[in-house]
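Participant: Below are the C-alpha cells for one structure; questions will follow.
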Amino acid sequence: MSEFTTLDLYLPPTYILPTMKLPDSVRERFRAYGREGGRRRSARMSSESKKAVARNAVVRRWIRVRFGAPDFESIGLPGGRAIDTGLADLAAGKESIESLVVSLAAPRLKREGVPLPRDLLPNAEARLFRLLEQTGGDLAHARYLAWLRQTASFADACAQVRMD
C-alpha cells in the first residue's frame, strides 16, 4: 500500500515532500547542497545586504514566537501585508510608504508586541505625508488617514492574537 493518501494526489508536491521517507544519506546530501548554495549566495552579497537579511530573519523569528506564524499576512490580520512590507523595508534601510507607517506607529506597535528594528526612520509623519502628496496629489490627506486607520486596526487585532 502506498504511503500517500487520496488527498495527496490533489495537493502540490511541496505538501507531499514532508511525508516522504528519504534515506539519511540522501537527506545529508541535500543539506550539503543547501549549505554550499548558501555560501555562494553569501559570497555575492554586500555586507549591507547580509545585515538586512539577518535583521529580517530576526523579525520573522520573533513574529513566529509571539504570534505563531512567520508573518502577519499569514495570520490574516488587517493590514498585515503592509506591516510585513514595512518591517522588511526598514530592515533593508529603504524608505517606502509602509516603512514610514511602521516608523510612525512604532510606539503602539511595540506595545502590542510587534518586533521592530532599532533603526526607525526619523520624522516619519512629515516624510510620509510628503511621499503621499507626491504620489496621490490632492488625496494625500485621505490616504494618510486611511493608512493610520489601517495601522490602528492592525494593532488592535495584534492584541487579540498575541500568544504570550
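Participant: Which residues, taken from segment 116-147, are under 19 Å from the mean Cα position of the chain (by Cα) and closer than 16 Å to residue 79 by Cβ?
Facilitator: 116, 147
Participant: Scan segment 32-64 for residues that are surrounded by 12 or more Cβ atoms within 10 Å (Cβ to Cβ) and either of a type outside the set (D, E, K, R) or touching a residue at least 40 places away in the same chain (Cβ under 8 Å) (or both) and jot them down.
Facilitator: Once the filter is applied, which keeps residues that are surrounded by 12 or more Cβ atoms within 10 Å (Cβ to Cβ) and either of a type outside the set (D, E, K, R) or touching a residue at least 40 places away in the same chain (Cβ under 8 Å) (or both), segment 32-64 yields 45, 49, 52, 53, 55, 56, 58, 59, 62, 63.
Participant: Separate question: Of all residues being touching a residue at least 12 places away in the same chain (Cβ under 8 Å) and in contact with a Gly (Cβ under 9 Å, 6 or more places away or on another chain) in segment 65-95, which is farthest from residue 47 (Cα to Cα)? Just the residue, please.
Facilitator: Among those residues, the one meeting the criterion is 75.
Participant: Taking helices (runs of 4 or more DSSP H) that fall entirely within segment 71-164, which contain at least 3 residues that are among the polar types (S, T, N, Q)?
Facilitator: 140-161
Participant: Residues that are among the aliphatic types (A, V, I, L, M), closer than 28 Å to residue 49 by Cβ, modelled with pLDDT of 90 or more and in contact with a Leu (Cβ under 8 Å, 6 or more places away or on another chain): does segment 111-118 have at least one?
Facilitator: Start the filter on segment 111-118 by keeping residues that are among the aliphatic types (A, V, I, L, M), which leaves 114, 116.
Still in the list and also closer than 28 Å to residue 49 by Cβ: 114, 116.
Then keep just the ones that are modelled with pLDDT of 90 or more; that gives none.
The answer is no, given that none of the residues of segment 111-118 is among the aliphatic types (A, V, I, L, M), closer than 28 Å to residue 49 by Cβ, modelled with pLDDT of 90 or more and in contact with a Leu (Cβ under 8 Å, 6 or more places away or on another chain).
Participant: When residues of segment 1-36 are filtered for being at pLDDT 75 or above, part of a helix (DSSP H, G or I) and not β-branched (Val, Ile, Thr), how many remain?
Facilitator: Adding up the residues that qualify gives 12.
Participant: If I filter segment 37-47 down to residues being of a type in the set (Gly, Ala, Ser) and not in a loop (DSSP other than H, G, I, E, B), which single residue comes out as nearest to residue 92 (Cα to Cα)?
Facilitator: 47
The values are calculated or read from the model by the stated rules, or taken from the named source; none is laboratory data. Fair warning: this is a prediction, and the values are worked out from it, not measured in the lab. Glycine also receives a Cβ, built like all others from the backbone with ideal geometry; neighbour counts cover every protein chain displayed.
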